[in-house]
Each structure stands twice: as C-alpha cells, then as structure tokens.
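Notes to accompany the following structure.
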Amino acid sequence: MDTRTGEGCRFAFNVRWLDPNTHLIWHYQLFYYTHDQSIEMFDIKNQRIFLKRVSHPEIHLEHLYLGASISLYSRQLIIESYGDEFSRKHLQGFQETTFALIKPDGIKNMGRIIDLIFSNGFLIKELRMCKLSVEDARNFYKIHSGKPFYEALTQFMASGLCVAMDLVAENAVRRWRTLLGPTNSQDARDRDPNSIRALFGTDSTQNACHGSDSLESAKQESDFFFRDRNFGSCARLENCTLCIIKPHLVFDGVAGQVIDLVLKKFDVTAMEMVTFSQPNAAEFYEIYKGVLPDFHAMVHELASGPFIAMEISNKDGQGNPVSSFREFCGPPDSQACRIVRPNTLRAKYGINKIKNGVHCTDLPEDGVLECKFIFKHSFNPFVDAMEYTNHNLR
Ligand code: CMP
C-alpha cells in the first residue's frame with residue numbers, strides 16, 4: 001500500500017493488546033490517516049483486516065509515540081514500534097523524547113512549569129515525584145564530580161522533592177533546553193527573561209529545572225529515574241487523600257493549571273503519571289459498582305489514557321484532608337457544579353458527570369487506601385491486566 005494516500009499521510013505502528021480474558025497477546029498493525037484522523041487495524045497473526053478504517057477525531061498523531069498507550073473500543077493498545085520505514089523516518093525526530101527534572105526549588109511552581117511544558121507543545125510521557133538521597137544525587141550528577149559546585153548541587157538536590165519527566169516533542173532535547181534558558185538564573189533574567197530559569201530560579205545551583213544535553217543522556221537519565229519502580233518513593237501514606245487529574249484533562253494539556261490551583265491550598269506529597277487498564281480502573285472504582293449507574297462509563301474514562309495522581313495533605317497538617325479536598329473539588333457532576341459551586345475544580349475544568357476533571361477520595365477513611373492503591377502498585381497496563389485476571393481466577 002502507498003504510504004502517501006493523496007489525501008494526507010498514512011502512518012503505521014506495530015501495537016500489542018493483551019486480552020485480559022484469555023491472556024492472549026495480539027499483535028496488530030495500526031494505520032493512522034492524517035487526512036481524516038481515521039484508524040485501521042490489521043491482525044498480523046491471521047493476516048486480515050481487524051478494524052475497518054473509521055474516523056477517530058479524538059486521537060491525534062502526536063499521541064501515537066513509541067511506548068504510548070491508547071484506548072480503542074475499550075482495548076488498551078501499546079505502541080511498540082513504527083510499522084514501516086516511512087513512519088519511522090517522518091515521526092522519529094518529531095517524537096523525540098527528552099528528560100526533564102523539576103528541582104527542589106521549582107516544586108512550589110511545578111504547576112506553572114508543567115503548564116509551560118504543555119503550552120510549548122510537549123507531551124508528558126512519564127512523570128514521577130521523587131525524593132533523592134545525597135547518594136542518589138551524587139550518582140545522578142556524577143559527570144560533575146570534582147567540580148567546585150558539585151557538593152552544593154548534590155546537597156541541594158537531596159534537600160526536597162523533585163519531579164522527573166520524560167517529555168515528547170519535535171527536537172525535544174534542544175527545545176526543552178531553550179525553554180529552560182541559561183544555567184545561571186540571574187543570567188537568564190538578563191538574556192532570556194521568559195525562560196523557566198529566569199522565571200523560577202535563583203542562581204546556578206537553584207535553577208528550577210534540569211534538562212538533558214543529548215539524546216544519549218536523556219535515555220540514561222530517564223532510566224535512572226524510571227527503571228526502578230520504587231526509586232525515591234515519596235508517598236507518605238498517612239493523613240492524605242487522593243486526587244486524580246483525569247485523562248481528558250491530561251489530554252487537553254491543562255493538568256499544570258489544576259496542579260497550580262491545588263498547590264495554592266494543599267501540599268502535594270507524591271505525584272505520578274499512571275495508565276490504567278480497564279481491569280485496573282474497575283478495581284479502583286469497585287465500591288461504586290452496582291451503586292452508580294455510570295460505573296462503566298467512569299471505568300472507561302479512567303482507562304482512556306494516562307492520568308496524573310497526587311497524594312494531597314492539608315498545609316497545616318490539621319483535620320482530614322479527604323473532606324477539605326472534596327470541598328475544593330465540588331460535587332461530582334460538573335454541569336451542576338457550575339451552578340451551585342462555580343469556584344471549584346470540577347466547575348472550572350469538568351465537562352459532565354463522567355469527564356468531571358478530577359477524582360477525589362469520597363470517604364474520610366479511604367484516603368490512605370486510595371493513595372496506597374496508586375503509589376504502592378506498578379501499573380503497567382499490559383502486565384496488570386494479566387495479574388488482575390490471574391487474581392480473579394484464583
Ligand atoms: P543542571 O541542568 O541540573 O545540570 C548540571 C547542573 O550543575 C546545572 O543545572 C547547575 O545547577 C549546576 N552548575 C553548572 N555550572 C555551575 C556553576 N558554574 N556553578 C554552580 N552550579 C553549576
């Protein structure tokens with residue numbers, strides 16, 4: 001088949017799907033037609049069309065990068081590789097991944113920084129808040145070992161929380177470093193006043209964010225933070241509640257704005273980007289099964305793409321954060337919320353009952369449980385669907 005269709009381009013990807021019922025792994029070729037945002041799938045094993053070409057305006061080309069998980073007719077598909085040379089050649093540079101780190105001094109402004117990341121055209125592929133030990137910081141910056149600033153830098157990096165991210169964009173390495181501005185925040189204010197370091201940094205050590213200097217170091221630095229699931233875990237799992245910034249808001253690139261609003265009233269003590277399989281989402285929402293008529297629609301939304309989960313605590317540490325955060329979110333139906341509680345998160349960012357912007361823990365006694373569910377598990381949608389099914393079969 002021609003890759004140029006005469007009506008835009010056709011890009012091909014190899015994807016896999018784990019059938020949670022049979023444990024079979026299916027391999028498909030997925031074709032994406034830019035002209036009408038349509039998708040077609042080919043079953044590789046049985047050598048036949050699996051899904052006839054049909055328009056999916058909710059899926060954009062930039063969401064189809066290696067490692068991405070996309071939800072199609074309740075199937076969680078993982079993009080494994082490019083399906084042809086044309087797609088690799090055209091998309092590889094355009095979907096470059098770089099590593100970004102919000103340093104301890106940038107944490108108070110992480111909502112604004114994440115908002116700048118989205119508004120400058122990056123997608124966030126992975127995100128995790130961590131607490132580095134001095135030894136971790138020394139390892140991460142070992143290339144600078146022996147330099148005069150090394151000791152101060154590594155002590156500073158271990159002095160508070162960090163947020164590690166993999167960012168995807170065209171020429172991501174260069175573009176992220178440009179957005180950061182000069183290393184020294186004071187220079188940045190003179191030379192590039194709109195850069196992240198000019199806006200949020202203090203000096204050379206406390207310069208708000210880090211960015212990899214090459215594709216090779218991006219890979220190494222990303223592995224350092226994301227390979228070991230328990231690395232630097234910072235969830236407190238006490239006196240906390242859970243907030244999930246739902247997939248539709250992550251997709252719309254407004255997660256940073258929500259984080260910024262949350263930080264004005266609450267402490268965020270852990271944060272992670274997670275992708276649920278449908279079984280993960282059903283397990284998470286289990287208490288609503290048979291209670292809420294919208295249970296299946298809620299499960300579908302939560303498993304429709306990556307979301308950002310946050311462990312939230314009250315700033316003063318007093319009272320139960322579950323109830324204060326629920327107040328802040330507003331009633332579950334965003335449409336009603338806009339009438340009765342117009343200043344809440346769900347009124348501002350939700351659309352309806354299902355796409356209501358954020359999930360927050362409902363019952364005061366469930367805050368720790370829900371945080372444990374998210375921050376004590378690893379959610380590889382591919383593996384977890386299998387674990388979940390095994391568990392249910394026992
Ligand atoms: P970062 O992007 O994290 O990568 C290495 C870090 O070393 C850099 O940001 C600065 O925080 C720090 N650094 C580099 N040069 C100097 C310097 N001359 N003085 C102090 N710190 C520096």
- For the range 47-55, in residue order, the Karplus 3J(HN,Hα) values (coefficients 6.51, -1.76, 1.60; θ = phi - 60°; whole Hz; Gly and Pro = x) are 6, 8, 4, 9, 9, 5, 4, 9, 6
- So what's the net charge close to Cys240: Lys and Arg +1, Asp and Glu -1, counting the other residues with Cβ under 11 Å from its Cβ? -3
- Message: If the only charges are +1 at each Lys and Arg Cβ and -1 at each Asp and Glu Cβ, what is the size of the charge dipole of the chain around the Cα centre, to the nearest 20 debye?
- Response: 300 debye
- Message: What is the distance in Å between the Cα centroid of the range 135-164 and that of the range 215-287?
- Response: 24 Å
- Query: Mind listing the phi-derived Karplus ³J(HN,Hα) values for the range 354-359, rounded to whole Hz, using 6.51, -1.76 and 1.60 with θ = phi - 60°, and x for any glycine or proline?
  - Reply: 8, 8, 9, x, 9, 9
- Item | Vicinal HN-Hα couplings computed from phi for the range 93-100 (Karplus, 6.51 cos²θ - 1.76 cosθ + 1.60; Hz; Gly/Pro x) | x, 6, 10, 5, 10, 10, 9, 10
- Message: Students often check this: by mean Cβ neighbours within 10 Å, which of 86-92, 162-168, 351-357 ranks highest, and how do the rest follow?
- Response: 162-168, 351-357, 86-92
- Query: How high is the FRET efficiency from Arg53 to Leu363, r the C-beta distance, R0 41 Å, rounded to 0.05?
  - Reply: 0.35
- Distance (nanometres) between label positions extended 7 Å along Cα→Cβ at His27 and Lys372: 4.0 nm
- Task: Can you check what the net charge comes to around Arg346, using other residues whose Cβ is under 14 Å from the Cβ of Arg346 (Lys, Arg +1; Asp, Glu -1)?
- Result: +3
- State whether the chain is rounded, prolate or oblate according to the following rule on the C-alpha gyration tensor (a ≥ b ≥ c being the square roots of its eigenvalues): a/c under 1.5 gives rounded; otherwise a/b larger than b/c gives prolate, and the remaining case gives oblate. oblate
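Each value in this text was obtained by applying a stated rule to the coordinates, not by laboratory testing. Because the structure is a prediction, the values reported are computed rather than measured. Every residue, glycine among them, receives a Cβ derived from its backbone with ideal geometry; neighbour counts consider all protein chains shown.
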